[in-house]
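Novice: Have a look at this one before I ask anything.
Here, each number is a calculation from the coordinates, and none is a lab measurement. This one's a predicted model, so the numbers in the text were calculated from it and none came from an experiment. Cβ atoms come from the backbone with ideal geometry, glycine included; neighbour counts cover every protein chain shown.
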Amino acid sequence: MKMKSIVGLLIISTLVLGSVLYHSKEPVPESSDEAVKSYQLSNGMKILVIENHRAPVMVSQIWYKVGASYEHDGITGISHVLEHMMFKGTEEHPAGEFSDIIAANGGEENAFTGQDFTAYFQKIASDRLELCLELEADRMRNIIFDEKEFKKELEVVKEERRLRTDDKPTALTYERFKAVAYTNSPYRRPIVGWMEDLETLTVDDAREWYKTWYAPNNATLVVAGDVLAEDVFRLAKQYFGQLPTSKIPELKSRHEAKQYGTQRLSVELPAKIPYLIMGYKAPILVPEIVGTEQEQELYALEVLAGVLDGGDSARLSKNLVRGQEIANSASASYGMSARHETLFVLSAVPNDEVAIEVLEFALREEINTIKMQLPDDKELDRVKAQVVAAQVYKQDSTFYQAMEVGMLDTIGLPWHIKDEYVEKILAVTAQQVQQVANKYLTDDRLTVAVLDPLPIESNVAENTKAAVSAGEQNAQ
């Protein structure tokens, strides 16, 4: 966001969203589905509309197909820095005016950068639709790159990195874990960027990144709420239709290099408690496998994560936290929606006097138990009931209805997976859960990271001593 980054995002729901984009100078709705209507302008920009007339409010989001996974070594963090610059004004609307106008009209606005996308949004009364589109169209191609403003925002990003990563032992450990877990995947780079790269970024880097990726043919407008699709399309054509396109670089398909055996790393930092992360390389959903047996494995992996970590009755909480009492906390996570291969992650914090090796052994035992013994029906029923409930509750949020559509479209996934999600989760069997555990949770896919705490007191003492020494030298 302007002051935040979102590292990861998995949003799936049961909305019916099938559509085919129509290309012409005067595009018309191709999808008449009650949940989503879609259009495409002659310059390539997509418009997706979700009509919801329960309240006189709406959400407007612009999604750009660019994020940390598009970057290369040397300019890491540029997508996030550019997100900050998008609030620094145009000739028409000087720095700060965008936010002031939205606030004066009773709305909220912000932005976020992910691995595979950057998005900007406004939540506002539905009769302010035109205002939002006018402002977004202006900054899509007309941002001013002032050297002083760039340097100021760069320092803001550096401080953000210090506060959220460098000064947080668990966050820094997780960042280094990903850098080792992935060999050639762009996901090994942090969204906020390496500090060493941030130190060398220039305003020209941001300007070129903007010129390349911020264009109508690389963007999707999503509007959800108390609006009429015809009005959204008409206004989108008015404000975005004449914007010039950009030559978008052709991206080659990327495949993670083969791993040979378990990878391990130890991160030594001043910290109060140890921290353990275990990540297994896992597949993602791509259009080519939709409708195949391989796709069913991904839903089984989601259920597997739920069996391990889905509330107090899940295995990690029941066995490690409350049963053996060796973990203060333990979790499992997996998400199938991404552009590149992902990780099935287990993490845990040991209780006092519990060795990290004991905790790792216990996590491995939980995996091995599933590999050898089928989960019971009660466990699967619990996970599936949670999925259904979560999908129902999501429909109360217009913002997340728009978010899931924008995210899926931006990473290149077909929308119809949304209305199949619950059905496919409900169809997962205990045998499938066991099969994916045996296939994907193996040592040759595993990376283990350990936060090995250093004494905090000694670090403080060393810093104090260094500061005193520096002061004495300056005095001389």
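Novice: Can you return the lysines within cross-link range of LYS148? Criterion is Cα-Cα under 19 Å, with same-chain partners fewer than 8 residues away left out.
Specialist: Filter leaves LYS2, LYS88, LYS158.
Novice: Continuing with the same structure: Give me the log10 of I(q) over I(0) for the range 243-286 at q = 0.28 Å⁻¹, as the Debye formula computes it from C-alpha points; what are the numbers?
Specialist: -1.18
Novice: What list of ³J(HN,Hα) couplings, whole Hz, do you get for the range 186-191 from phi and the Karplus terms 6.51, -1.76, 1.60, once you set θ to phi - 60° and write x for glycine and proline?
Specialist: Whole-Hz 3J(HN,Hα) from phi for the range 186-191: x, 5, 6, 9, x, 4.
Novice: Continuing with the same structure: What number, in nm² with one decimal, is the all-direction average of the projected area of the convex hull of the alpha-carbon atoms of the range 37-240?
Specialist: Result: 12.2 nm².
Novice: As a quick test, which of the pairs LYS178/LYS378; LYS168/LYS318; LYS152/LYS247; LYS272/LYS439; LYS384/LYS439; LYS65/LYS178 have an alpha carbon distance above 26 angstrom in this structure?
Specialist: From the list (LYS178/LYS378; LYS168/LYS318; LYS152/LYS247; LYS272/LYS439; LYS384/LYS439; LYS65/LYS178), the Cα-Cα distance tops 26 Å for LYS178/LYS378; LYS168/LYS318; LYS152/LYS247; LYS272/LYS439.
Novice: In addition: Could you grab the relative contact order for the chain? Cα pairs under 8 Å, six or more apart, rounded to a whole percent.
Specialist: 22 percent
Novice: Sticking with this one: How many times 2.2 N^0.38 Å is the alpha carbon radius of gyration of the chain?
Specialist: This ratio for the chain stands at 1.05.
Novice: Normalised by the residues of the range 37-240, what does the relative contact order come to in percent, with Cα pairs under 8 Å and at least six apart?
Specialist: 42 percent
Novice: Among TYR421, TYR187, what is the fewest-to-most ranking by other Cβ atoms within 10 Å?
Specialist: TYR421, TYR187
Novice: What is the sum of charges around GLU302, taking Lys and Arg as +1, Asp and Glu as -1, for the other residues whose C-beta is under 11 Å from the C-beta of GLU302?
Specialist: Once all neighbours under 11 Å are counted, the net charge is +1.
Novice: Exposure proxy check: HIS84, HIS93, HIS416, HIS255 ranked by fewest other beta carbons within 10 Å?
Specialist: Listed from fewest to most nearby Cβ atoms, that is HIS255, HIS416, HIS93, HIS84.
Novice: Quickly estimate the mean residue ellipticity at 222 nm for the chain, helices only: each DSSP H run with n ≥ 4 gives -39500 (n - 2.57), and the total goes over all residues, rounded to 500.
Specialist: Working: 15 runs with 189 residues, N = 476.
The per-residue figure over the chain is -12500 deg cm²/dmol.
Novice: Here is a further query. Along Cα→Cβ, 7 Å out, is where each label goes; now give me the distance between the ones at LEU265 and ASN43 in nm to one decimal.
Specialist: 4.2 nm
Novice: Please arrange LYS371, LYS272, LYS237 by how many other C-beta atoms lie within 10 Å of their C-beta, fewest to most.
Specialist: With the fewest neighbours first, LYS371, LYS272, LYS237 line up as LYS272, LYS371, LYS237.
Novice: Out of all DSSP beta bridges in the chain, what portion is antiparallel? Express it as a percent rounded to 5.
Specialist: Counting DSSP beta bridges with both partners in the chain, the antiparallel share is about 75 percent.
Novice: At a Förster radius of 45 Å, what calculated FRET efficiency corresponds to the Cβ-Cβ distance of VAL180 and ARG234, to the nearest 0.05?
Specialist: Efficiency computed from Cβ-Cβ geometry: 0.30.
Novice: To continue, here is another question. For q = 0.09, 0.15 Å⁻¹, what log10 I(q)/I(0) does the range 263-454 give under the Debye formula with an equal point scatterer on each alpha carbon and no solvent?
Specialist: -0.36, -0.96
Novice: Cα to Cα, under 20 Å, and not fewer than 8 places away if on the same chain: which aspartates and glutamates meet these conditions relative to LYS37?
Specialist: Within the straight-line limit of under 20 Å, LYS37 reaches these aspartates and glutamates: GLU26, GLU51, ASP127, GLU130, ASP226, GLU230, ASP231, ASP396, GLU404, ASP409, ASP419, GLU420.
Novice: For the range 350-366 and the range 74-119, write down the distance between their C-alpha centroids in whole Å.
Specialist: 44 Å
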